[in-house]
Amino acid sequence: MITTNYHTHTMRCRHAEGTDEDYVLKALEAGLSELGFSDHSPWPYHPLDSRNIRMDISLMEDYVHHINALRRQYASRIKIYLGVEAEYYEGRMDQLKSLIDTHQLDYVVLGNHFHLFETNGRYYGHYNDTENLLRDYEADTMKALESGLFDYFAHPDIFVRSMDKWTPEATEMSIRILKKAKELNIPVEYNLGGIRNQFDRMTYPYPKFWELAAKIQGPVMIGVDAHSPLDLVDYETIEKAEHYLKNLGISPLKELKMPRVHK
Ligand SMILES: [Zn+2]
Ligand SMILES: [Zn+2]
């Protein structure tokens, strides 16, 4: 069973439920030794943003304050880490850097959800410009991984949701991003949220992508992507994922080295 999870949301993002402490209590129930909070990073609004899947920037102080308080309160029972899940938005990386510095974040999860700004057609899980899907996804991914700001690559196969069928180009692109993550020693995440939701067949975690990951043998982590405290005790999904990866010959990392130091 997993003993750590670094992909945990809070109510502040508006599409998760439960109190911060509920997540800690469920993590303890699941026997986790480390729990990382990585709620959706509060980007200042871009004029073209039309969706909203993140905490308002005014809530960042509250987030930091409460997670740090829980960290102290539960210090003898579990290690709690503070991070965010952020996109790679070209031209806005200084904002992420300053968020990391100001709040002394332990780590940052790359959630490559959108290209440039947050709107429906730019969502990599439902990309309008299908012709350039792989090109744009790869470019944002490569720049993000090379930026030195990200420590963990969530649902690296999210682009599959925008495809009707897998293609040789998708294989090639996946190999390149998996190799880059390996070279930079950034774990790629086998995302349990995708298994729980199973919106459709073309979704993450996508078998063809993970077969490639098994060949490339870079670091892999299982991420619960908890949007409810109950996700942390969804043993059926966790076991399914562990079993699947084991059969592929992938041994997921147990821990993310902390604290990550960003420059
Ligand atoms: Zn979310
Ligand atoms: Zn997430």
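Here the scattering of segment 1-98 is modelled by Debye summation over its C-alpha atoms, one equal scatterer each and no solvent; at q = 0.24 Å⁻¹ the log10 of I(q)/I(0) is -1.28. Putting +1 on Lys and Arg Cβ atoms and -1 on Asp and Glu Cβ atoms, find which of Ser162, Leu212, Gly111 reaches farthest to the positive end of the dipole of the chain. Ranked along the dipole, the leading option is Leu212. Per-residue Karplus couplings for segment 96-110, computed as 6.51 cos²θ - 1.76 cosθ + 1.60 with θ equal to phi - 60°, are listed in order as 5, 4, 6, 5, 4, 5, 4, 9, 6, 5, 6, 6, 10, 8, 7 Hz, Gly and Pro entered as x. Accessible surface calculations at 1.4 Å, restricted to protein heavy atoms, place segment 4-248 at 42 Å² per residue.
Pull out a ≥ b ≥ c, the square roots of the eigenvalues of the alpha-carbon gyration tensor of segment 14-161, then state rounded if a/c is under 1.5, prolate if not and a/b is larger than b/c, and oblate in the remaining case. Note, shape of segment 14-161 comes out prolate.
Residues whose amide H lies under 5 Å from that of Asn112, counting only those 5 or more places away or on a different chain, are Ala154; hydrogens are built 1.01 Å from N in the peptide plane.
Each residue of segment 36-45 was assigned a 3J(HN,Hα) from its phi angle through the Karplus expression (A = 6.51, B = -1.76, C = 1.60, θ = phi - 60°), giving x, 8, 9, 5, 4, 4, x, 5, x, 4 Hz with x at Gly and Pro.
Within segment 98-166, which trypsin sites (Lys or Arg not before Pro) sit in a loop by DSSP and count at most 12 neighbouring Cβ atoms inside 10 Å?
Here the sparse-neighbourhood loop sites are Lys165.
The amide H of Glu85, built 1.01 Å from its N in the peptide plane, has Asp39, His40, Ser41, Val109 as neighbours under 5 Å, considering only residues 5 or more places off or on other chains. Among the chymotrypsin sites (Phe, Trp or Tyr not before Pro) in segment 148-202, those placed in a DSSP loop whose Cβ has at most 10 other Cβ atoms within 10 Å are Phe199. Computed from phi, the 3J(HN,Hα) profile of segment 62-68 under the Karplus parametrisation 6.51, -1.76, 1.60 (θ = phi - 60°) reads 4, 4, 4, 4, 5, 5, 5 Hz, with x in place of Gly and Pro. Size descriptors for the chain (Cα atoms only): Rg and Dmax, in that order, 17.1, 52 Å.
The values are calculated or read from the model by the stated rules, or taken from the named source; none is laboratory data. The structure presented is a predicted model; accordingly, all values stated were derived computationally and were not measured. Glycine gets a Cβ as well: all are built from the backbone with ideal geometry, and neighbour counts include every protein chain shown. Ligands, DNA and RNA are excluded from the accessible area calculation, which covers all protein heavy atoms including side chains. Shrake-Rupley method; radii C 1.70, N 1.55, O 1.52, S 1.80 Å.
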